[in-house]
Every structure is written in C-alpha cells, then in structure tokens.
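Here the structure comes first, spelled out in structure tokens, and everything after it is commentary.
The values are calculated or read from the model by the stated rules, or taken from the named source; none is laboratory data. Owing to the predicted nature of the structure, the values given are computational and were not obtained by experimental measurement. FYI the Cβ positions are ideal-geometry reconstructions off the backbone, even for glycines, and counts take in every protein chain you see. In case anyone asks, the SASA skips ligands and DNA or RNA and just uses the protein heavy atoms, side chains included. Shrake-Rupley method; radii C 1.70, N 1.55, O 1.52, S 1.80 Å.
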Amino acid sequence: MPTSSGMGKTYCPQCGWNRGAAEKQTRLLLRVLPVLVMLFDAPLIVWIFMGHAEVSMLALLGALAIVPAILVVLIVRGKIGIGT
C-alpha cells in the first residue's frame, strides 16, 4: 500500500502505521501557529494603530509578518521538523 505524508511524517492511511506520529506533529503545529502569528504580526498591528505610517517601517514590519507563513510551508513540506 502506498504511504501518505503528513507534516513530514510518513504514515499508512490503510493500516494506521505511524499515523499517531503524524497526528502529533499536526496538533503541535496547530498549537504553535497562533503564537507565531501573534509574535510576528503584533509589531505591525501596534505600529499601525499608534499612527506611524512611514512606508519604510511598514515594509519592514510587513516582511516580518510573513515569517509565520514561510515557517508553516517549510514545516508542512517536511523541510523543518518540529517536536519528535
């Protein structure tokens, strides 16, 4: 039977081999993701609400806000491992 990949972990959807490890990785990412978004997006939101609309700083903070999306893509593709 061909295997599937979930969060960089190979598992068998038919018999359930290694499925627990793939589910554990997914649950861990779902717990970490909101923290990542808050950590990287909060500076941009605060900066905007404080009334500072300088384009250069908004661009820098906007680039920082994209980091969680890049990390999620790398984790889902299995390039970065989280947990064990």
Expressed in angstrom, Rg and Dmax over the Cα atoms of the chain are 17.5, 58
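Suppose the chain between Cys12 and Met50 were pulled fully straight at 0.36 nm per residue; how much longer would it get relative to their current alpha carbon spacing? Walk me through the numbers before you get to the answer.
Numbers: separation 38, 0.36 × 38 = 13.68 nm, distance 5.09 nm.
Taking 0.36 nm per residue and subtracting the Cα distance, the gain is 8.6 nm.
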Tilt, helix 67-76 to longest principal axis of the chain (alpha-carbon atoms), in degrees rounded to tens, equals 10
With a 1.4 angstrom probe the carbon and sulfur portion of accessible area for the chain, in percent, totals 69
Given trypsin sites (Lys or Arg not before Pro), DSSP loops and at most 14 other Cβ atoms within 10 Å, the longest exposed-site-free stretch of the chain is 1-76
For the Thr3, Val37 Cβ pair and Förster radius 30 Å, calculated FRET efficiency rounded to 0.05 is 0.45
In degrees rounded to 10, the 0-90 angle between helix 19-49 Cα long axis and the longest Cα principal axis of the chain is 0
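Over the chain, average the accessible area per residue using a 1.4 Å probe and give it in Å², no decimals.
With the other protein chains kept in place, the chain gives 70 Å² per residue.
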Restricting to Cα pairs under 8 Å and 6 or more apart, the percent relative contact order of the chain works out to 32
